[in-house]
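For reference, the structure is listed below as structure tokens.
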Amino acid sequence: MKILSIVGARPNFMKVAPLHRAFLAYPDMESKIVHTGQHHDFMMSGIFFEQLQIPKPDCFLNVNGGTHAQQTGRIMLAFEKVVLTENPDLIVVVGDVNSTLACGLVAVKMHIPVAHVEAGLRSGDRNMPEEINRILTDAISDQLFVTEHSAMKNLLLENVHPARIHLVGNTMIDSLVHCESHINACDIVAELGLAANTYIVITMHRPANVDNQGGLTNLLEVGKCLSRHLKVVFSVHPRTLKNINAFGMEQDFQAIENLIMIASLGYFEFIRLIKNAALVITDSGGIQEETTFLQIPCITLRNNTERPVTISEGTNHLLPDFTAESVAQLAEKILSGKSKRSGIPEYWDGKAAERISRILREKYINS
């Protein structure tokens, strides 16, 4: 059985790495990786292949930039050629980026089964391109592998047959567990002159928060408020840095006392940084999950989340329509020890990829 697994953006690498290892554990499963190139910056892409021990991609499409429609269309055109050459038995797509939908569409139109890993997540906000990608990818996929019970409910409400839905856990957590020794060996915290539980990490990249001057000004005020309590490490996503420079705000951020601005880190370094933080503030989906597993308090600066288990069971706090003052108040409550109790969701145990590989074998090899 030949499987093509698709990666495109930074979160995809953590999800595909354990799947690739799990597939290769069986001699009758051939696993190949296709990198669309959606994230082409080395710190957003290349370094993850090194750290997660993913082999060099079998195919690199080198598609990046452009509008959503341009990017999706170019990926489809390039991936169709790969499918014609490789003649795979199954396409595995992960997450919710443009690469996910584009490659899923190519596969289904060429009558190749599609497995969607991290299916069923819904924020309810169709202004987010990721939400559209999730809905459409789930609608065309043959097997849907979900990380939490809410995702199962969402798919059932969308009339997906229960036999196609599988609660398996979270392959991002698989990567975290697999890389634990390397993460613990990192000395990024000491390199920044910090000590465990004495700092806050901020990372933001959503268009609503960083693509306009008002959003960046709000973020600037958040940094000022929080830095009065603890040191703040601002890990600046390339998109965010580009916009900070475009609006001429780099000196404003650099002028904040107790705020340390750093470029995007490698996977080991970033996980080590949040693992030792007192608090993480983000608008990222994956970081909500990683902080929940690591039991680190997290504030998500968004109006919604597609990962509600991180709130109902985990360490995440959703803060819609935030102001600097509301962030500071919630942070103070959390840091004073008045935060909620939390746990780790079902099947987030580092074995999700093993479950997925067994199910795929039952469906397509042993049936």
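Points worth noting:
- Residue in the range 113-127 that is farthest from GLY285 (Cα to Cα), counting only those that are surrounded by 19 or more Cβ atoms within 10 Å (Cβ to Cβ) and touching a residue at least 60 places away in the same chain (Cβ under 8 Å): ALA115
- Looking across the range 345-362 at every residue that is open to solvent by 80 Å² or more (accessible area, probe 1.4 Å), of a type outside the set (Phe, Trp, Tyr) and in contact (Cβ under 8 Å) with a residue 40 or more places away in the chain, the one that is farthest from LEU318 (Cα to Cα) is identified as GLU354.
- Subset of the range 218-257 that is in contact with a Phe, Trp or Tyr (Cβ under 9 Å, 6 or more places away or on another chain) and open to solvent by 30 Å² or more (accessible area, probe 1.4 Å) - its residue that is farthest from ALA190 (Cα to Cα): ASN218
- Boolean, VAL168 is open to solvent by 20 Å² or more (accessible area, probe 1.4 Å), under 20 Å from GLU346 (Cα atoms) and of a type outside the set (Phe, Trp, Tyr): no
- Identity of the residue in the range 129-145, over 18 Å from LEU90 (Cβ atoms) and crowded, with 19+ Cβ neighbours inside 10 Å, that ends up nearest to the chain's Cα centre (by Cα): GLU130
- Looking across the range 77-97, the residues that are assigned to a helix (DSSP H, G or I) and open to solvent by less than 10 Å² (accessible area, probe 1.4 Å) come down to PHE79, VAL83.
- Residue match in the range 53-76 (condition: of a type in the set (Val, Ile, Thr), assigned to a strand (DSSP E or B), in contact with a helix residue (DSSP H, G or I) (Cβ under 8 Å, 6 or more places away or on another chain) and crowded, with 20+ Cβ neighbours inside 10 Å): no
- Test: residue in the range 193-203 that is under 30 Å from TRP348 (Cβ atoms), among the polar types (S, T, N, Q) and open to solvent by less than 10 Å² (accessible area, probe 1.4 Å): no
- Those residues of the range 314-364 which are more than 22 Å from GLU148 (Cα to Cα) and polar (S, T, N, Q), in sequence order: THR323, SER326, GLN329, SER336, SER339
The values are calculated or read from the model by the stated rules, or taken from the named source; none is laboratory data. What you are looking at is a predicted structure, and each value in this text was computed from that prediction instead of being measured. Cβ coordinates were reconstructed from backbone atoms using ideal geometry, including for glycine residues, and neighbour counts include every protein chain displayed. Side chains included, ligands, DNA and RNA excluded: accessible areas come from the protein's heavy atoms. Shrake-Rupley method; radii C 1.70, N 1.55, O 1.52, S 1.80 Å.
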